[in-house]
Amino acid sequence: MVYMFLNGGAMRGGPLHHHLKDAVFVGEADSAPRYHFYGIRDECPGMIPAPSPEEGKTVHGELYDIPLETLEADLLPNEPVELELGAVKLADGRASFAMILRKEWLGHPDLTDLSEHGSWNRHLETLKSEEVKK
């Protein structure tokens, strides 16, 4: 089993959560404060290490104990092309696998900086409240 830090649609209640199959929810978790966090077309998030530690922010997510077979066969094939498997540092010092924004996508017009939100779910709530105001 491998720990996987999820921060988007595969979290509980998300549209990709069913791909986790026999993964075990370990708990909510935060990354170490060393990442930038982006929305990709408001469809999914992507995190990437900040250029310097002073620029980094914390990303909120969930930690799962996931069988490698599930990761390989069910989760990874359903991730968008903008993301790749990588490793992140968690706030408690542990390392974990996570989906990382590919460097070549930085600066792409489809990206929205969500670093101040630090949470995909908070971002989605903001989008909903903006829709209600319209």
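The values are calculated or read from the model by the stated rules, or taken from the named source; none is laboratory data. This is a predicted model, so every value here is computed, not measured. Every residue, glycine among them, receives a Cβ derived from its backbone with ideal geometry; neighbour counts consider all protein chains shown.
For segment 1-100, give me every one of the strands (runs of 3 or more DSSP E) that falls completely inside it and has 2 or more residues that are within 14 Å of the chain's Cα centre (by Cα) and closer than 15 Å to Asn121 by Cβ. Because the criterion is at least 2 residues that are within 14 Å of the chain's Cα centre (by Cα) and closer than 15 Å to Asn121 by Cβ, the strands (runs of 3 or more DSSP E) in segment 1-100 that meet it are 2-6, 24-30, 35-40, 44-49, 60-66. Looking only at segment 112-134, residues that are in contact with a helix residue (DSSP H, G or I) (Cβ under 8 Å, 6 or more places away or on another chain) and among the small types (Gly, Ala, Ser) come to 0 in all.
Among residues of segment 77-92 that are among the charged types (D, E, K, R), those with a beta-carbon under 9 Å from a residue that is surrounded by 14 or more Cβ atoms within 10 Å (Cβ to Cβ) and in a helix (DSSP H, G or I) at least six positions away or on a different chain give the pairs Glu82/Trp105. Screening Ser115 with (1) outside any strand (DSSP E or B); (2) under 17 Å from Glu43 (Cα atoms); (3) hydroxyl-bearing (Ser, Thr, Tyr); (4) over 13 Å from the mean Cα position of the chain (by Cα) gives one miss only, at (4). Is segment 56-72 home to any residue that is within 20 Å of Thr112 (Cα to Cα), at pLDDT below 95 and either of a type in the set (A, V, I, L, M, F, W, C) or surrounded by fewer than 21 Cβ atoms within 10 Å (Cβ to Cβ) (or both)? No, segment 56-72 contains no residue that is within 20 Å of Thr112 (Cα to Cα), at pLDDT below 95 and either of a type in the set (A, V, I, L, M, F, W, C) or surrounded by fewer than 21 Cβ atoms within 10 Å (Cβ to Cβ) (or both).
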